[in-house]
Structure formats: structure tokens, C-alpha cells
Amino acid sequence: MVKVSIIVPVYNAEKYLAQCLDSILAQTLREIEVVCVDDGSTDSSGRILDRYALADGRVKVLHRENRGYGAAMNAGLDAATGEYAGIVESDDCALPDMYRTLYEEAQPEGLDVVKSDAFFWYEGIGYRKNIHAAHLEPYYDRTLGELDRNLFFDFYMNIWTGIYRREFLLQKKIRFHESPGASYQDNGFWMQTMLYCRKAKWVGKAFYLYRQDNEASSVKSRDKVFSMTREYESIEKLLLERRDYRYLPYCYYYRLLRHRGNFLRIADVHKREFCEQVRRDYMAYQSYVKGFAGLEAWLKGVATDPDQFCARAVQTRHSLEERLEGANALIIYGAGHHGDRVFRGLVNEGLYDAIVCFATSQVSAECAIAGKPIWKIDDAVKKYPEALVIVAVVRGSGMYGQMAQKLSALGIHHYLDGSDIEENFYIL
């Protein structure tokens, strides 16, 4: 009996594909099948898949003309025979105990969904960061039911850290939106599974390596302006057709929430046009963000004066880029959550080599992060007196004030606010 069918959608993934498949076939749960959907690859991906299928009977390969991610995923779901279905993207990897752990949590109670944490992963620099929702700690490793549905949406949004009872997917007719060339079609599948599952669990361990250093990834594309919007339009249409009106607020809220990240991701030349979409959506759905002050302020700023908002955002980002690229070296002052986000923002901008170290006010127990040493701030500015220091904690917090005073005592009066990087660079 196949316990878990693992679906791998593949399009021109030759660089990472073997590593991905090796990680799946090394699972300690042996009763798996690997359903690989070659979505019209033009590189050697198809040949790699065929080679693995010949070597291991658990690997199935479907070769198809290119029809897009959603169609490929639906073909994989149709071909799956397992009790549960999982998903691994072709540039990511799974640690060996992932599917055994998830299945053993799901099977006794017949849970509809079981998910784990994941790692942000930059393989080339040896970086792994556990994506763990610390504020949800009381809800990990316990079965959650329909009265907990709001909590389902608070865990990290993804489709690939979990397994889904296949009978549940069939009963609820959960499918991917199919549209050639589109991206972000995982949003619809994620929302449907969160809306319709009756019992779910989040395991408080990370097993999935979510690659961040694939430049071909859709999340790094700066040209797919309205793909996210179209995905949420398809979700709304689906809910209306099913007359599931009670779930529409989730759709409208996340449609608005995704706008901010999309605005930061897309190229400057597209921002003004996209602001019109944001303005229209805010006028239509503003009641669904009442109480979420930060998001509401951003959306209102766009809607009030799109020209001014867009011009100011572009200029702010350009000024930050000029300051960062013009620095002799970069010191990230703060090695916690915000230091990590600043680091990822800088790496995504190609500034890894410019970072000379992390710094803390006291001696750190850790010695390095992703190949960058962690030093006491006194030693860091002494070694790199010309470096630009980035204060990576919450702007205006008591800690920020203490760090500013420390820098002043060290003779550093011009530094960069790390919140500016978090607010103006696209960071997952």
C-alpha cells in the first residue's frame, strides 16, 4: 500500500532535480510513490526523470506539453494512489524523516492535513533558518478542529510542508487553478485546504528545505505583476460558485495582504500600474482589514495618492540601494529575528559579500551565521571603522534606543535603520 504519494512538478529544473529526488527517495518511510510531472521541459529534466524511474519503481513520470504549474499539479493529483499526498518543489529538498513523521501523526486520527515547519535555505552559503511561529507554540503538536480555523491561517503559508488525505481532497474537490504562464497558484490550493479541512495538526519540527538561491524561482520574477491578483479572483469565483459565502472574508483579506509583498517584488516600471489595482481593491474590500493597522495604513496610503506613494517608494528604495552599494562594508547590528530578515534582504539584493559580520552588544553564544562571524559591536567597528552599520531591531523600541546610544558612544553617528530594509525590499 502506498502511504504517501509525493508529487514533484518539474519545468526546466535540471540544476537541482537530482538532489531533490535523492532527498525524496532517501525517506525513512518506504511506502511512497514519487509522481513527477514533466511540464514540457526543454532542458535535460525529462531525461533525468526517466533515469530515476528506471532505477526505482516508486518513481512515476508523466511527460506533458507545457500547460503551467496548476495543470501539472492537477495531473499529479490525478495519478496519485496514496492514502495521503505531499508536494515537493523540484528545487527543494526534504529531510529523511519528513514523511514518516507526518504520516505517523496523520494516520491514527485520519487527519485531513498535517504540516511541519520548514527552513529558509541558501545552500551556497550554508544557511538554514527554521521558519517557526513562536507565538503559536501552544498550538503545535496538537489536533486542531473547525473551531480553530482562524489559527490554520496564522501558520506559515505554504503547500509543501504537509500531507493531505487524498480522500479529503477528492471529497472537497480541491484542485489547482489552471492558467498557462501564471504563478502563485499554490495560494488557491493552500486556501482551499485551510478552509475545508476538519482536523489538522502542525508538527513543531522542520523537515523541508525551501531553497532561496534559485534565481529562476517565480518569487524572484519582477515582471509577473497581476498573477497573484488573478489567483485570488479565481478563489473568489470558486467560493461564489459553491455558495461558500462565509469564507469570502478570508479571500478578500489575503488578496489585500498579498498586495504589499507583490508591490515590493515587481519592477519599478510596473509599480504605478499596480497601484491602481491596489486602489480598486482597497475601495472594494477595505472593511476586511479593519483592525490590522499596519496593513490598512499602507493600503490607504496607496489609495489616497497613488502617484505620490509610488514615486516616494521608488525613490526611497533607490536611496537605500545607493547607500548600501556605496558602502565599503556592512555590519548587521543585531543577530535575532530582525537581523536575520535584514540579512536575507541583503543577500537577495546580491550583497552577501559586502556583509563582513553580525554584531551584538554582548558576546554571542553563536560564532557565525551563514559564514559571517558574530562579534561584539565594539570589536566590529574597531576592525571595520569605515563600515556602514545597520541597526536590525524594531524601530523605536527600547532596544533600538540602547543600540543607538552604544553606537554614539563608539563614535558612530550615521547608521542605517534595518526597518527601512524590511519595509522596502522584498523578503519572504
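The values are calculated or read from the model by the stated rules, or taken from the named source; none is laboratory data. The structure presented is a predicted model; accordingly, all values stated were derived computationally and were not measured. Cβ atoms come from the backbone with ideal geometry, glycine included; neighbour counts cover every protein chain shown. Please note that ligands, DNA and RNA were not included when accessible areas were found on the heavy atoms of the full protein model with its side chains. Shrake-Rupley method; radii C 1.70, N 1.55, O 1.52, S 1.80 Å.
Using a simple charge model, +1 on the beta-carbon of Lys and Arg, -1 on the beta-carbon of Asp and Glu, nothing else, what dipole does segment 188-276 show about its Cα centre, in debye to the nearest 20?
480 debye
Any idea how far the Cα center of segment 276-292 sits from the one of segment 349-380, in Å?
When both Cα centres are located, 40 Å separates them.
Any idea what the relative contact order of segment 26-83 is, in percent, if you count C-alpha pairs under 8 Å spaced at least 6 apart?
After rounding, I find 45 percent.
With a cut-off of 8 Å between alpha carbons and a minimum separation of six or more residues, what is the relative contact order of the chain in percent?
Relative CO of the chain lands at 12 percent.
Given H placed 1.01 Å from N in the peptide plane, which residues other than close sequence neighbours of Tyr127 have an amide H under 5 Å from its amide H?
Tyr122
Between Ala409 and Met157, what FRET efficiency comes out of the Förster formula 1/(1 + (r/R0)^6) with R0 = 56 Å and r the beta carbon distance, rounded to 0.05?
After rounding, the FRET efficiency stands at 0.85.
I'm spelling it out carefully: the read-out is P(r) over Cα pairs in 10 Å bins from 0, in percent, the candidates are [x] 4, 20, 27, 24, 15, 7, 2, 0; [y] 4, 19, 28, 27, 16, 5, 0; [z] 4, 19, 23, 20, 16, 12, 5, 1, 0, and one was derived from this structure. Which label?
[y]
Report relative contact order for segment 61-153 in percent, whole number only (criteria: Cα-Cα under 8 Å, sequence separation at least 6).
Working: 30 pairs, mean separation 10.3, N = 93.
Value for segment 61-153: 11 percent.
Take the Cα of Gln107, step 7 Å along the line toward its Cβ, and report every residue of segment 159-195 whose backbone nitrogen sits under 18 Å from that point.
The answer is 162-168, whose backbone nitrogens lie closer than 18 Å to the label point.
Greater than 24 Å separation of Cα atoms is the criterion. Which listed pairs, Lys172/Lys237; Lys3/Lys199; Lys201/Lys300; Lys3/Lys172; Lys129/Lys199, meet it?
Table pairs above 24 Å Cα-Cα are Lys201/Lys300; Lys129/Lys199.
Given a 1.4 Å probe and the protein chains all in place, what does the accessible area of His259 round to, in Å² to the nearest 10?
Ignoring ligands and nucleic acids, His259 comes out at about 10 Å².
What is the distance, in nm, between label points placed 7 Å from the Cα along the Cα-to-Cβ direction at Asp141 and at Ala284?
4.4 nm
Cross-link partners among lysines for Lys224, C-alpha distance below 18 Å, same-chain residues fewer than 8 apart left out?
Those lysines meeting the cut-off are Lys271.
Sum up the charges of everything whose Cβ sits under 10 Å from the Cβ of Trp160, counting Lys and Arg as +1 and Asp and Glu as -1, but leave Trp160 out.
-2
Quick one: if the Förster radius is 41 Å, what FRET efficiency do Leu295 and Arg30 give, using the C-beta to C-beta distance and rounding to 0.05?
Calculated transfer efficiency: 0.35.
Among Val34, Phe343, Thr101, pick out the residue whose Cα is farthest towards the positive end of the charge dipole of the chain, where Lys and Arg carry +1 and Asp and Glu carry -1 on C-beta, about the Cα centre.
Thr101
Tell me, what ³J(HN,Hα) does each residue in segment 200-209 have, in order and in whole Hz, if you take phi through Karplus 6.51 cos²θ - 1.76 cosθ + 1.60 with θ = phi - 60° and put x for Gly and Pro?
So the J values, rounded to whole Hz, are 9, 8, 10, 7, x, 10, 9, 10, 9, 9.
Using modelled backbone amide H atoms (1.01 Å from N, in-plane), which distant-in-sequence or interchain residues come within less than 5 Å of Gly204's amide H?
Under 5 Å from the amide H of Gly204 lie the amide H atoms of Asp141, each far enough along the sequence or on another chain.
Round to the nearest 10 and report in Å² the accessible area of His337, as given by a 1.4 Å probe over the protein chains' heavy atoms.
110 Å²
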